[in-house]
Amino acid sequence: MRKVFILCLMFFLIFTFYACGSNIKTDSKNTNDEQKLKSNLQENNIKDDSQKIGNLQFICNSEGDSACNTENGYYYLTHDLTKLQDGNYGSHLMYMDFATCREIYLCSTAGCKHNSLDCPAVFLYDDFPTFTTKLFVCDNYLYILSRESSDESMSSNVGMAQSMMEGNEKDIMPEKKPAVLYQANLDGTERKKVYTFDEELVLEEFILKDENGIYVITKKLSMDKVDNITYTTASEKKVVFLDLKSFHAQEVCPINVDNLISWKVIGCYQDCLILSGTDYGRELSLEEKWDDDSYRLLYENSFDVYALLDLKSGDLKEFYRESNKNQHSVYMVEDIMYLSFLENPIIEGINIKSGERKTICTIEQNLIMNIIDDMLCCRDWNLSSDHTYYFVNMKTGEIMHSMLVNQYNGWDLEFRAETSSDMLVVYDYDATKNIDGSYEIHQYKYALITKEDLFMGRQNYRKINMIGHGE
């Protein structure tokens, strides 16, 4: 039940947007290196002072998005599973080429039916879980991070609780599968396993990079039973750096520094992470966290807190807090926090270093959803009544209202990828409307549009020739 409530709250706090089978090549050297790296990460948890942290940037931050892009095209793993020739199930790695506006399986093998593990576009479901596997590109390589869900959860199950009471925790604990990083060429060939994380750790959806490698957020999940309710909770959250040349991993610093606030990464600036969390004034019990009525009251009397985590020193410094009595949205762009309120038709910018605060513009539709270049992408707070975007120039305050919406049902455009000049959007559906008002979507229709045309509301779509369902 609390998940439903949290989804509602997400409208008031918007985070940063954007995004083995037989063909997996390993050798004894890779296997030995992986064992050494796992041991290194477990035993040497002291930061190496020789490590240089560069300017950080997000490369993955959305749970459920197994996709990424370059200037040339868009990669994504299908959510729908296909039965393979051997009876197992797998997903496909698809590629949309921006130059030709064509979608293909990421496979160049002549005559391939894309139904076996010999195909580089086939990903075995057991090794690459749907929705949680992440894709990103670094240094002209495509990386695939196979990972399980990192969500905390609650479940009511008498049988599960009884099993725990009898000490049979192994019977109800999900099988632990380590997160595994794979590397491939940009055309999907030469896919190989390059690093395996400790199976006791789960990885959050956030991945950052600098010129040296990637940074991931690791934590441990455990199960606690209260009466007949089983809770999955997280602890020991840490930032871990992985060098993409040597594939040497090391802990950088912890994130959770107290028991009052559970921090979540929402941005980065230079060599710092930008964190947000909710301060309830005290530590909550598991029952309070997951009971709708209790949590709603506690949330209304809490504060959203924002802080900088210096990865070099490990120091955490709070720079802003806002009462949750005031419905608000926040978006971080470098050292400026853009802030808006439901009850106040303005957008403000706050310098997180100096605290200087200035009004960017006055606009009723000031729910900040995203950014594109120098534009804040804003919507009406009543998302169901107005599906259009209002683009606000962060430097000048100029407002551009685009009337572009999904051509099938008038819903908002879905932004899937960004290049220097274009946006890849879902502009239409092939769908059937059900009796209850929901839709069965047979195909998502993609197109490229220049940013200028998007801002101006001009329907100059360069449509992608689709061969699959899209996601």
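Side notes on the structure shown:
- Label reach from D118 (point 7 Å along Cα→C-beta): in segment 73-105, amide nitrogens under 17 Å belong to 84-88.
- Taking the charge dipole of segment 395-441 about its Cα centre, with +1 at Lys and Arg Cβ atoms and -1 at Asp and Glu Cβ atoms, the residue from I399, V425, I441 reaching farthest to the positive side is I399.
- FRET efficiency, 1/(1 + (r/R0)^6) with R0 25 Å, evaluated for D315 and N55 via beta carbons: 0.85
- Estimated from the Cβ-Cβ distance and a Förster radius of 25 angstrom, the FRET efficiency linking N465 and S385 is about 0.15.
- Between V137 and R102, the contour length at 0.36 nm per residue exceeds the Cα-Cα span by 10.6 nm.
- Once both labels are positioned 7 Å from their Cα atoms along Cα-to-Cβ, the gap between R282 and D224 label points is 1.5 nm.
- Accessible-area composition of segment 308-362, carbon plus sulfur, in percent [1.4 Å probe]: 42 percent
- Rolling a 1.4 angstrom probe over segment 246-285 with all protein chains present gives an accessible area of which 46% lies on carbon and sulfur atoms.
- Cα-centre dipole for segment 314-471 with unit charges at Cβ (Lys and Arg positive, Asp and Glu negative), debye to 20: 100 debye
- Efficiency of FRET from Cβ geometry, I441 and N344, R₀ 51 Å, rounded to 0.05: 0.85
- Here the peptides 195-207, 438-450, 347-359 are ranked by packing, the mean other Cβ count within 10 Å, and the order with the highest first is 195-207, 438-450, 347-359.
- In straight-distance terms, cross-link reach from K192 covers every one of the aspartates and glutamates whose alpha-carbon lies under 20 Å from its own, apart from those fewer than eight places away in the same chain; here that gives D27, D33, E34, D118, D126, D127, D139, E148, D243.
- When peptides 225-233, 119-127 are sorted by average Cβ neighbour count within 10 Å, with the highest value leading, the order is 119-127, 225-233.
- Each Lys or Arg adds one and each Asp or Glu takes one away; over the other residues whose Cβ falls under 14 Å from the Cβ of C272, this sums to -4.
- If a spin label sat at a point 7 angstrom from the Cα of D271 along the line to its beta carbon, the backbone N atoms of segment 308-337 nearer than 13 Å would be those of 310-315.
- Note on E175 and E200: their simple-model spin labels are 2.2 nm apart, each label 7 Å out from Cα toward Cβ.
- Set K245/K353; K193/K219; K219/K353; K245/K445 screened for pairs whose C-alpha atoms are more than 27 Å apart: K245/K353; K219/K353; K245/K445
- log₁₀ of I(q)/I(0) at q = 0.12, 0.15, 0.28 Å⁻¹ - segment 379-447, Debye sum with one point per alpha carbon: -0.40, -0.60, -1.29
- Euclidean distance between Cα centres, segment 303-375 to segment 379-402, Å: 17 Å
- Heavy atoms of R379 accessible to a 1.4 Å probe, total area in Å² rounded to 10: 10 Å²
- Total formal charge among the other residues, if their Cβ is under 13 angstrom from that of E348, Lys/Arg +1 and Asp/Glu -1: 0
- When the residues S329, S421 are ordered by accessible surface, computed with a 1.4 Å probe over the protein chains alone, the sequence from largest down reads S421, S329.
- Solvent exposure of L297, expressed as accessible area, is near 110 Å², computed with a probe of 1.4 Å over the protein chains only.
- Between D430 and D374, the modelled label-to-label distance comes to 4.1 nm, taking each label 7 Å out from Cα in the direction of the beta carbon.
- For K395, neighbours were defined as the other residues whose beta-carbon sits under 14 Å from its Cβ, and their charges (Lys and Arg +1, Asp and Glu -1) total -3.
The values are calculated or read from the model by the stated rules, or taken from the named source; none is laboratory data. If you're wondering where the values come from, they're calculated on a predicted model, not measured in any experiment. Using ideal geometry, Cβ is built from the backbone for each residue, glycine included, and neighbour counts are taken over all protein chains shown. In case anyone asks, the SASA skips ligands and DNA or RNA and just uses the protein heavy atoms, side chains included. Shrake-Rupley method; radii C 1.70, N 1.55, O 1.52, S 1.80 Å.
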